[in-house]
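Comments concern the structure below.
Nothing in this text is a laboratory measurement; each read-out follows from the coordinates by a stated rule. Small disclaimer: the values here were computed from a predicted structure and weren't measured. Note that we place each Cβ from the backbone using ideal geometry, even for glycine, and neighbour counts take in every protein chain shown.
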Amino acid sequence: MAISMSSVDLFDEAYALDPFPVWDALRETAPVHYEPDTGLWLVSRYDDVRAVLLDTDTFLPDNAMDAIGRFSVQTLRVLARAKFALPPTLASNGGESHAGYRRIMTRLLNAQAVTAAVPMVEQVVGECLDQVGERLDTDGVCDLATTLAQDVPLRVLLRLIGLERQANDVGIDNLARWSDASLELFWGRPDAGRQRALACEAADFYSWLRELVTRPGPQEDTLLGALAAHRLPGGEPLGVAETAAVLYFMIIAGQATTRQMLSIMYRRALAEPGLWQRFADEPGSAQPWTEEVLRREPPITTWRRVTGRPVTLRGVDIPAGAPLLLMLASTGSDPEMFENPEQLCPYRPNPRKHLAFGVGRHRCSGAELARMEAGVMMRMTASRLPGLRLADTSSPPEMLGLLSFRAPLHVLVERG
Ligand code: HEM
């Protein structure tokens, strides 16, 4: 594939629609590539990305939550008024306090907790499917991306972290909008006006969280309760900023990514002949297929690290303090790791070896929850809505195309 590497535009609409040729070309011709427009070093081969993720002494997570663009003075003022601050807690924390925060996540999201949550997830999916059915009956079409795929992960997460009642005060649509605005503010390239508008949404979100953190009330068995009881390595409790930062990260990471994954899955499943019926007939058949979608088309396409010292990666010298863009999505199509990578083949020998959830010390704490939700959603949607089909196959889908997040924005369906 002849692609000029000087022309890689990571924010281009065409790239968001079909990034596979760019990923192939990067891996083949420039597996470690400096991109002058963003100042990022793109790393695209499976072995290299995995090695970087596992070497947390050399490649630090400190820049994981940095905004990709510069904030204007107006944007900074909006954020400052809300006391917006994201001190390192989870994804961007390379320090000694990380392990303690991570233990809280593990208690909340371990395999046993995820299994115990299945009946609750089934109940939420059932309720949301009732609404989809009603909408199909009245309107003839329904957008699964903005209904089912959005509402289920958000409602499930709020229940798991014990914030369902509090979230009702602001409404889950508002929460979803705040979360989307935050993703675009940090991982997009908005112009000045849009950046300020997005900052207002993120500031409203953060102000609500700060208010929740300081609100008196029973917190036992909730994430807020666990954070209130937590002590940092020096023995001190968490401040308001640390607690708000964990909630901010969790409410975004714990549902937006799952929604994006589900939107990708619905589009693909409904386009593949016979698959929908199989999900209904063979419970469990969606599980290995989910791994294949996560490998080939993960919702988190890239993740960042920064070099802690000068390094040489695949013969390329990289200075200290250089931001790396790990092309997680490209690694799932690396033919050195996955045979015939373009084919979704649930029975390949290494289906869970993909890097969609990262690997090592910062590997996604919510991986098992996301997998479980995907399985339940595909099985129940296919059983309750047999014959469902895509209603908008004529034009290419409108895509969310941020630096690290990619998914169809809409999945319009109708009854067959
Ligand atoms: C399909 C859905 C998801 C994908 C693709 C995904 C992917 C990722 C990735 C790539 C990372 C960074 C890994 C690294 O730095 O090495 C991450 C971190 C994280 N994710 Fe997820 N995630 C998903 C869903 C979730 C869910 C549902 C939750 C929680 C309910 C969650 C919680 C977290 C947390 C807490 C971290 C930070 C872990 C740490 O730094 O110790 N994620 N995720």
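Within region 229-239, identify whether any single residue is free of Cβ contacts under 8 Å to residues at least 60 places away in the same chain, crowded, with 21+ Cβ neighbours inside 10 Å and within 16 Å of the ligand (Cβ to nearest atom), and answer yes or no. Yes, the conditions are met somewhere in region 229-239.
Looking only at residues that are among the small types (Gly, Ala, Ser) and closer than 15 Å to residue 232 by Cβ in region 95-126, which one is nearest to the ligand (Cβ to nearest atom)? Here the residue is 99. Checking 304, 352 one by one, the residue that is surrounded by fewer than 22 Cβ atoms within 10 Å (Cβ to Cβ) and either in contact (Cβ under 8 Å) with a residue 60 or more places away in the chain or closer than 30 Å to residue 157 by Cα (or both) is 352 and no other.
Among the residues of region 264-311, write down those that are within 16 Å of the ligand (Cβ to nearest atom) and aromatic (Phe, Trp, Tyr). Hits for region 264-311 are 266, 289, 303.
Scanning region 58-102 for residues that are hydroxyl-bearing (Ser, Thr, Tyr) and under 28 Å from residue 318 (Cβ atoms) returns 58, 89, 92, 97.
Exactly one residue out of 180, 137, 143 is of a type outside the set (Ser, Thr, Tyr) and in contact with a His (Cβ under 7 Å, 6 or more places away or on another chain): that is 143. Residues of region 380-393 include none that is touching a Ser or Thr at 6+ places or on another chain (Cβ under 9 Å) and of a type in the set (Ser, Thr, Tyr).
All conditions but one from (1) among the small types (Gly, Ala, Ser); (2) surrounded by fewer than 22 Cβ atoms within 10 Å (Cβ to Cβ); (3) more than 16 Å from the ligand (Cβ to nearest atom) apply to residue 375; the one that does not is (3). Going residue by residue through region 172-189, is there one that turns out to be of a type in the set (S, T, N, Q), part of a helix (DSSP H, G or I), within 16 Å of the ligand (Cβ to nearest atom) and within 27 Å of residue 106 (Cβ to Cβ)? Yes. Among the helices (runs of 4 or more DSSP H) confined to region 79-168, the ones with at least 1 residues that are surrounded by 20 or more Cβ atoms within 10 Å (Cβ to Cβ), without any contact (Cβ under 8 Å) to a residue 40 or more places away in the chain and not acidic (Asp, Glu) are located at 118-139, 148-161.
Please go through region 319-340 and pick out each residue that is within 16 Å of the ligand (Cβ to nearest atom), under 19 Å from residue 8 (Cα atoms) and of a type outside the set (Ser, Thr, Tyr). Across region 319-340, the qualifying residues are 323, 324, 325, 326, 327, 328, 329. Scan the helices (runs of 4 or more DSSP H) fully inside region 202-279 and keep the ones with 3 or more residues being touching a strand residue (DSSP E or B) at 6+ places or on another chain (Cβ under 7 Å). In region 202-279, 256-271 are the helices (runs of 4 or more DSSP H) which contain 3 or more residues that are touching a strand residue (DSSP E or B) at 6+ places or on another chain (Cβ under 7 Å). The residues of region 378-416 that are within 14 Å of the ligand (Cβ to nearest atom) and of a type in the set (D, E, K, R) amount to a single one, 406.
Which count do you get for residues in region 33-61 that are surrounded by 14 or more Cβ atoms within 10 Å (Cβ to Cβ), of a type in the set (Gly, Ala, Ser) and more than 20 Å from the chain's Cα centre (by Cα)? Matching residues across region 33-61 total 1. If you go through region 131-169 and keep only what is charged (D, E, K, R) and closer than 15 Å to residue 415 by Cβ, you end up with 134, 135, 137, 139, 143.
The residues of region 190-220 that are buried (at least 17 other Cβ atoms within 10 Å of the Cβ) and of a type in the set (Lys, Arg), listed by number, are 196, 210. In region 62-84 there is no residue that is within 14 Å of the ligand (Cβ to nearest atom) and more than 30 Å from residue 200 (Cβ to Cβ).
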